[in-house]
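*Asks:* Below you'll find the structure I mean.
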Amino acid sequence: MRIKDQFDPVIRKKIRTTKIAAVIPVGSLEQHGPHLPVSTDSDIVTKVCERISEKNNFLLLPTVNYGVSYEHAPYFNVSVTKSTLSKILADMILSLEQNKISNVFVINGHHGNIDALRTLEKSKAFSKKTKVFTFSYWHFMSQEFDHAGFVETSLMLAISKNVNMKKAVKGFSPGNISAKQRQAINKKASKSFISVTKNGVWGDPRDANSRDGKKILAEIVTNLGKKCQTCLTGKSPKLHQ
């Protein structure tokens, strides 16, 4: 149920008669190479959450489209600080709590948001009855994630027409490097993404296609949807697995 499309009496009746959970998608507005729109993270996480909400009968809130993307400068980004993002989400959850919604899933679509969400998990602002679960959607697929590479471009091809494959170019590809080397590169990219990949792409999007994108999306929706249901049974999930 897309909450923004509903009417007040309908929403209140559903909350009153059903043990309902709410889903908050969180994305970003940042560069995704020359071939993907700056809304890519938000577009993908929105679609994932739409599918999960429809499948599991959750309340879907509008996507928070701004994330922590300062690392993409000087390429385009519209960012908020970690504390701002965490505060916005905390206020939203408190408001849901006041409306008697005590189960909230915050689904993340951008790596730079993770610390803000971890802060949210530790918040003592909510009552003991309110359960907040935060997950990053790429942890629920078998493929290694990238940035505007094969995986992300395939996902976009599966859900959007706003992709310009004529401009798709190969970016930085780590290849067979040690875990220590990968950790060092990831740390460098988290501070300055462009210092690692000059064209803003991590991976190779040239062979991306909607067929694989649909398969990846289905895998994410199935695995993450099951995880959400497990959370509601009262079992203790491992967050950010």
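The values are calculated or read from the model by the stated rules, or taken from the named source; none is laboratory data. Not measured: the values here are computed from a predicted model. Virtual Cβ from ideal backbone geometry, glycine too; neighbours counted across all protein chains shown.
*Asks:* Tell me, yes or no, whether the stretch 226-237 has at least one residue that is modelled with pLDDT under 95, surrounded by 11 or more Cβ atoms within 10 Å (Cβ to Cβ) and more than 29 Å from Lys82 (Cα to Cα).
*Replies:* There is no residue in the stretch 226-237 that is modelled with pLDDT under 95, surrounded by 11 or more Cβ atoms within 10 Å (Cβ to Cβ) and more than 29 Å from Lys82 (Cα to Cα).
*Asks:* Just to check your reading of the model, which residue among Gln143, Gln183, Gln241 is surrounded by 13 or more Cβ atoms within 10 Å (Cβ to Cβ), within 23 Å of Gly67 (Cβ to Cβ) and at pLDDT below 95?
*Replies:* Answer to the selection: Gln143.
*Asks:* Which ranges mark the helices (runs of 4 or more DSSP H) fully within the stretch 40-133 that have 3 or more residues being over 26 Å from Lys161 (Cα atoms)?
*Replies:* 82-98, 114-121
*Asks:* Okay, next question. Restricting to the stretch 180-217, name every residue that is more than 14 Å from Glu152 (Cα to Cα) and either part of a loop (DSSP other than H, G, I, E, B) or aromatic (Phe, Trp, Tyr) (or both).
*Replies:* Ser192, Phe193, Val196, Thr197, Lys198, Asn199, listed by residue number.
*Asks:* Under the condition of being surrounded by fewer than 20 Cβ atoms within 10 Å (Cβ to Cβ), outside any helix (DSSP H, G or I) and modelled with pLDDT of 95 or more, which residue from the stretch 149-179 is nearest to the chain's Cα centre (by Cα)?
*Replies:* So the residue we want is Ser160.
*Asks:* What do you reckon, is Lys214 exposed (fewer than 14 other Cβ atoms within 10 Å of the Cβ) and more than 18 Å from His32 (Cβ to Cβ)?
*Replies:* No; evaluated as a whole, the condition is false for this residue.
*Asks:* Working only within the stretch 35-50, note down all residues that are of a type outside the set (Val, Ile, Thr) and buried (at least 19 other Cβ atoms within 10 Å of the Cβ).
*Replies:* His35, Leu36, Ser39, Asp41, Ser42, Asp43, Lys47, Cys49, listed by residue number.
*Asks:* Tally time: how many residues in the stretch 151-194 are in contact with an Asp or Glu (Cβ under 9 Å, 6 or more places away or on another chain) and either closer than 20 Å to Pro74 by Cβ or free of Cβ contacts under 8 Å to residues at least 60 places away in the same chain (or both)?
*Replies:* 12
*Asks:* A further question on this structure: If you go through the stretch 1-13, how many residues are at pLDDT 90 or above and either over 26 Å from the mean Cα position of the chain (by Cα) or of a type in the set (A, V, I, L, M) (or both)?
*Replies:* Of the residues in that region, 8 qualify.
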